[in-house]
Amino acid sequence: MHVHTRKHGGLGAISRRALDGRIDSGEVAPDDVFWFPGMSDWGQVLHHPELFADLDVARHPPSPLHGLVEGPPDSETPVVHTGSDTPRTAAPTVLDPATHSSPDDPVLASSHTWDELASESLSHAPLLPRAVPSDPPPTDDALVPTDTEQAFSELPSRDHLEPAREPPPPYAPQSDADRNMDAIFSALMQDTLQYRDASEFARSIDEVFLGAVITATLDAGRVLTDIMSDGTHHFLRFVSPTDDSRVLVRLTHLTGNLTTSRVQGHMASVVVGYGERMSGFADIWSTIGQQQSTGMVPRDAPGAFIVDGDLASQHVYVQVRLYLRIDDYVDHEWSINYAQLSEHLAACTRALRIHLHGRFG
Amino acid sequence: MQDLVRQFEPRTKIQESRTEIVVGEVIRAMARLGFPTIRFHIHDTRQEVRFRTVGHTHISTVAVTVERPTRSEAPSTTLFDEQVRLHVVAELRQAMRTPSELLAAARFPVEGRTTSDGVHVEQDRSSMVASIVRDIDIGGWMDVPHAESPPLVELMDEVIAILSGAIAAHQ
């Protein structure tokens with residue numbers, strides 16, 4: 001159905017379930033109007049039996065009915081005009097549309113005030129419209145009328161209601177001064193969005209590069225078996241299904257903010273490791289341990305080859321730390337030079353494999 | 001650097017890394033389609049990768065979450081071992097620069113709806129989001145190298161076309 005509110009204007013096509021939520025939040029008031037295909041005119045939410053049953057009257061006291069109610073909104077006995085100009089004291093209640101179909105009937109003729117209504121349970125039998133169906137809840141489809149909506153569609157026109165209000169026209173500048181101010185604001189917004197995009201690029205480029213490394217390594221015939229991040233470093237492990245060799249990558253973005261990256265470009269520290277399951281692992285493991293205990297093995301030095309082992313899988317690894325310019329692989333249009341990256345990664349793993357086989361093969 | 005090897009859980013079989021393998025193939029498929037990665041959210045049970053679009057009319061970003069379906073959701077134990085679920089969410093961010101654009105965005109209804117092909121579309125201010133779920137069977141290609149032919153390109157291409165169409169239809 002379509003709903004038009006005094007406070008927010010038109011809500012467009014809306015499902016019953018969505019409308020329930022808006023009634024509950026107070027966005028839709030009892031005297032707001034609704035329409036669905038088949039209705040000859042807009043009707044007030046107040047007069048929709050199913051919807052009215054959902055209204056929390058205590059939390060949403062009615063605003064004065066359009067053109068019908070005078071007096072302060074918190075008055076216990078609002079003055080209601082009937083079809084004539086003669087006011088009488090009354091409070092609104094819900095009528096069964098099947099039995100109160102006269103367009104001249106103001107449908108506000110109960111002895112209950114709103115406060116009385118609020119103090120009573122909404123399940124109070126006399127106040128419940130008889131037309132509420134006992135069927136399951138209506139469909140979510142906003143365009144399919146419920147039984148009650150269908151009943152309403154058969155009612156004659158409710159000419160006594162205020163005509164549905166059209167949403168106000170969209171904003172349009174009225175003068176050159178307006179247009180000038182709008183242009184200034186638009187330029188400020190444009191600059192803001194450009195800065196936002198540049199900052200996002202600076203923050204994201206290491207993850208762009210990480211995805212590119214994954215793609216290039218998979219293109220070389222490996223599969224990704226591990227991916228982790230500790231907030232500073234990204235860790236990847238790849239395995240070759242054919243020979244069980246493994247490639248490890250630790251990627252650290254060194255220029256993660258916009259200012260630094262504009263001065264230095266985007267740099268990354270990348271540790272690349274290559275490992276194979278080696279025969280005589282126990283001897284190799286022992287040698288690695290002895291070398292590390294001497295303190296003479298370079299630790300985490302860029303360009304140095306480090307040998308390590310994985311006791312669980314019995315792989316022996318050779319690793320090297322490199323500094324790479326991410327800008328060489330990812331440009332500012334988010335385009336990635338996969339051919340160059342694949343070649344560089346292949347060169348790294350080849351060098352590490354040669355070293356591994358040269359020492360332990 | 002010497003701790004790099006020990007950063008990873010000891011795994012002796014590729015099959016222990018089903019989810020990660022799919023994540024890798026999703027990334028490669030999206031790269032083929034022109035979507036670079038911009039964000040990784042790695043959890044024990046599910047992994048989300050966000051991609052940026054370049055020059056796409058109806059999509060700004062795509063987020064793909066890879067997770068294993070629960071046992072109760074899988075048709076059988078065998079299929080459970082071979083199934084991975086993809087949640088794919090496409091978002092269109094509409095940049096607003098003028099007062100009239102800002103006003104129009106503020107009037108957008110905030111409502112979700114699901115189309116007949118299972119795409120859920122939501123609209124919120126300057127953003128429209130379409131999402132879909134796909135279960136994929138990885139049993140057939142788990143152990144086979146796919147250096148030349150990324151196995152998920154066709155699927156991701158189809159899914160993105162569906163989501164893009166859904167967003168375009170609701171714009």
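Values quoted throughout were computed directly from the atomic coordinates according to the rules given, and no laboratory measurement underlies them. Quick caveat, the model's predicted, so the values are computed rather than measured. Note: ideal-geometry Cβ built from the backbone for every residue, glycine included; neighbour counts use all protein chains shown.
Quick notes on this structure:
- Over the stretch A:193-319, equivalent-ellipsoid semi-axes from the Cα gyration tensor in Å: 33, 19, 9
- Peptides ranked, highest mean first, by Cβ atoms within 10 Å: ranges A:329-335, A:222-228: A:222-228, A:329-335
- Ranked by the mean number of other Cβ atoms within 10 Å per residue, highest first, peptides B:14-24, A:184-194, A:275-285 order as B:14-24, A:275-285, A:184-194.
- Couplings 3J(HN,Hα) for the stretch B:121-132, derived from phi with the Karplus relation 6.51 cos²θ - 1.76 cosθ + 1.60 (θ = phi - 60°), are 10, 10, 10, 9, 6, 8, 10, 10, 10, 10, 9, 8 Hz, where x marks Gly and Pro.
- Ranked by how many other beta carbons lie within 10 Å on average, peptides A:175-182, B:154-161 from highest: B:154-161, A:175-182
- Averaged over the residues of peptide A:190-203, the number of Cβ atoms from other protein chains lying within 10 Å of each residue's Cβ is 1.
- Per-residue mean of C-beta atoms belonging to partner chains within 10 Å, peptide A:206-215: 6
- Debye equation applied to the C-alpha atoms of the stretch A:238-299, log10 I(q)/I(0) at 0.14, 0.19, 0.20 Å⁻¹: -0.69, -0.88, -0.90
- Inter-centroid distance (Cα atoms) of the stretch B:1-66 relative to the stretch A:171-186, Å: 46
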